[in-house]
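Notes follow the structure.
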Amino acid sequence: MNEADTGPRLALDIGAHQTVITAPDGFAWTLPVGMASLWAPSASGPSALAVENGIQTVEDAIERIAAQVPRGARMVLSAGSLAPLQRGSAIAVMAQGSTGLDGIEREYQLLAARAVGAPSARGTGFDDAAGDAVLLILRELMHHLGLRSLHGPD
């Protein structure tokens, strides 16, 4: 177990229209954002404007709960939350079973490049169009809640 694995463990389930974070004692925080609520999922991915609007929407939702969620936690993603992050039948961000903010940031940079139509980002999209929204939600959660790591389902 590395240092990133010593914080409180929180369960994360990103649904179509809401995201639920559950503490070990069963207490849950529900955010009104999900993989289908930030923009209409499409094979071409979101536009740059949709990404910016999505960031603001997620940040606004997180702001309501940020003071209540334990800092430095590790988050365990549900299988349903992890599924859209596949690329070519491999789960990129969970290749080692977990990832830190740096792994999520690398994926987010690819999303941002796709959103502006950068040729270098061709072929970097997720198999499921909802993966972009899941990635954005994960990135904002990690930034604003001080999460140390993300883990795949047990």
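The values are calculated or read from the model by the stated rules, or taken from the named source; none is laboratory data. Computed from a predicted model, the values in this text were never measured in an experiment. Neighbour counts run over all protein chains shown; Cβ positions are idealised from the backbone, glycine included. Areas reflect the complete protein model, heavy atoms only, side chains present, ligands, DNA and RNA absent. Shrake-Rupley method; radii C 1.70, N 1.55, O 1.52, S 1.80 Å.
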Whole-Hz couplings from phi, Karplus 6.51/-1.76/1.60, listed for region 25-35; x for Gly and Pro:
7, x, 5, 10, 10, 10, 9, x, 9, x, 5
Taking the Cα atoms of the chain alone, what are Rg (to one decimal) and Dmax (as a whole number) in Å?
14.5, 47
Accessible area in square angstrom per residue, region 1-64, 1.4 angstrom probe:
55
May I have the extent of the alpha carbons of region 99-143 along their three principal axes, as whole Å values ordered from largest to smallest?
28, 19, 16
Residue-wise, which Karplus ³J(HN,Hα) couplings in Hz belong to region 39-53, taking 6.51 cos²θ - 1.76 cosθ + 1.60, θ = phi - 60°, and x for glycine or proline?
7, 6, x, 9, 4, 7, x, x, 7, 4, 5, 4, 5, 4, 5
Calculate, in nm to one decimal, what residue 86 and residue 64 gain on full extension: separation in residues at 0.36 nm each, minus their alpha carbon distance.
4.9 nm
Ignoring ligands, DNA and RNA, please state the percent of accessible area on region 13-154 from carbon and sulfur, probe 1.4 Å.
52
Summing +1 for each Lys or Arg and -1 for each Asp or Glu, what net charge is found among the other residues whose Cβ lies under 12 Å from the Cβ of residue 58?
-3
Can you give the Kirkwood hydrodynamic radius of region 31-120 from its Cα pairs, in Å with one decimal?
14.9
May I ask you to list the residues of region 47-88 whose amide nitrogen lies under 19 Å from a point 7 Å from Cα along the Cα→beta-carbon direction of residue 113?
47-49, 51-52, 85-88
Tabulate in residue order the Karplus-calculated ³J(HN,Hα) for region 57-69, using 6.51 cos²θ - 1.76 cosθ + 1.60 with θ = phi - 60°, rounded to whole Hz; enter x for Gly and Pro.
4, 5, 4, 4, 5, 5, 3, 5, 10, 3, 6, 8, 7
